[in-house]
1. Among what's in the stretch 371-385 and is farther than 20 Å from P67 by Cβ and touching a helix residue (DSSP H, G or I) at 6+ places or on another chain (Cβ under 7 Å), pick the residue that is surrounded by the most Cβ atoms within 10 Å (Cβ to Cβ).
2. Within the stretch 47-162, which helices (runs of 4 or more DSSP H) (wholly inside it) include 2 or more residues that are closer than 26 Å to K365 by Cα and not polar (S, T, N, Q)?
3. Condition (residue is free of Cβ contacts under 8 Å to residues at least 40 places away in the same chain, surrounded by fewer than 18 Cβ atoms within 10 Å (Cβ to Cβ) and either under 24 Å from D165 (Cα atoms) or not polar (S, T, N, Q) (or both)) applied to the stretch 262-273: is it met by at least one residue?
4. Could you go through the stretch 215-229 and let me know if any residue there is touching a Ser or Thr at 6+ places or on another chain (Cβ under 9 Å) and outside any helix (DSSP H, G or I).
5. With the requirement that a residue be closer than 15 Å to L259 by Cα and of a type in the set (S, T, N, Q), what does the stretch 181-226 give you?
6. Out of the stretch 96-121, which residues are within 25 Å of D400 (Cα to Cα), of a type outside the set (D, E) and either surrounded by fewer than 24 Cβ atoms within 10 Å (Cβ to Cβ) or touching a helix residue (DSSP H, G or I) at 6+ places or on another chain (Cβ under 6 Å) (or both)?
7. Report yes if L434 is out of contact with any Gly (no Cβ under 7 Å at 6 or more places or on another chain), part of a helix (DSSP H, G or I) and in contact (Cβ under 8 Å) with a residue 40 or more places away in the chain, otherwise no.
8. Looking at the structure I just gave you, is A123 of a type in the set (A, V, I, L, M, F, W, C) and more than 15 Å from P396 (Cβ to Cβ)?
Amino acid sequence: MNTINRRLVLGGIGALGATGVLAGCGAGSAGKPGGAASATGDGGAKGYEGPNVELDFWNGFTGGDGPFMRKLVDQFNSEHPNIKVKMTVMQWSDYYTKLPTAVSSGRGPAVAIMHVDSLATNAARNVIEPLDDVAKALELKQEDFAEVVWKAGEYNGKRYGIPLDVHPLGFFYNKTLMEKAGLDPAKPPATADEYAAALEALKGKGMQGHWASPFQFTGVLSVQALIWQFGGDLFSPDSAKTVWQEEPGVKALSWFVDLVKNGHSPKNVAQDADAIALQNGKTAFNWNGIWNINTLKEKTSLQWGVAPIPNIGGTNAAWAGSHQFCLPKLKTPDENKSTAARVFVNYVSQKSLEWAKGGQVPARKQVRESAEFKALPEQASLATQIDDLHFPPPVPGIGDALAELNKAVNEAVLLKAEPGKALADAAARADKILEANRKKYGA
């Protein structure tokens, strides 16, 4: 269960990316603007010919993807004798707390991985530096990526993240249970009507087909996907107000809560229980992240499949996250480290096919369209959603507001509040947080 638990920690990023970072670093305390030395101007594209240098590389890859990144680091070190990358792995919750403090004290890493919903907060706090030179050196353009993942790395007119991957929500299904209910496991339901019929067929055989989690992983992510599918959004175009309490949001959360009310899910699903139930043959359907692929592959006796999220609301849409490379501010200018760090980012960003084997969708369009990636059938299946994925807006402290949506979903799924009221109450609280954050970050 290491992979699942790791992602549950990731599920706290919305809050940790904001409150955790803020607690560790006051505005501007992570080194003054320009504190880090400028690179050579080529973004590391020409390599590094300076003296031996050691780079600390921090990330939270504690699960099944960790060995794949370590393999890339070892390969880089073997090919660059004058650069030694030392990879430090920690739980994401610890990572987002420790990084700003380490940067402020001059003990931060030269390279780090960050999730898209934490980039803006850390950029506003001056924890990470712009990477426009790296994008230029790599000749990276929006058309090389899905638009949503490319724009997710930008904040305030500058690029702070180089996309490494996309990890979307997917539809996992137990083929054995589908067959018991008379369903065709080769044709998983893809529409609202097909999904409703499949759930009823499972119910007719005494099975609760889709366990509804009241927690962020995977309940809140599922509800977010449904909001977009019903034509809604989480925030207004300028991110000044929440809009999840509007009709599409109520429809989305009501559909999810009805899984419980209509007997397709137990009333109180524990954390991780939905994913475990799929593995143990207690439920047929589970909406979970792409990271679940490698977990299920370990269950050699389990007959399972994965497909894009069914279109319940009328619009193809799914939640996704993204790991992006960032360069923390160096309190003491060091041109050698700055240039070598860019060389490392350049290197790994071009090796994303190997990274995909760890259970990710490569951010680069060219890699996604390669025969080698298509030979990874599960990842390739979820990659077909790439143009339908959504991320939170790049706004500092956005995770603080999203934490209120988590509470609303929890209350509604546990049948403690009706969906409309839970969403409206959460929106009122979140709007105050958004207003406070605008003052806090000067946005």
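1. This residue is A383.
2. 66-79, 116-124, 132-137, 147-151
3. So far as the stretch 262-273 goes, yes, one or more of its residues are free of Cβ contacts under 8 Å to residues at least 40 places away in the same chain, surrounded by fewer than 18 Cβ atoms within 10 Å (Cβ to Cβ) and either under 24 Å from D165 (Cα atoms) or not polar (S, T, N, Q) (or both).
4. no
5. Q208, S213, T218, S222
6. Result: Y96, T97, K98, P100, T101, A102, S104, G108, I113, H115, S118, T121.
7. In short, yes.
8. No: the conditions fail for A123.
The values are calculated or read from the model by the stated rules, or taken from the named source; none is laboratory data. Model, not experiment: these values are computed from the prediction. Glycine gets a Cβ as well: all are built from the backbone with ideal geometry, and neighbour counts include every protein chain shown.
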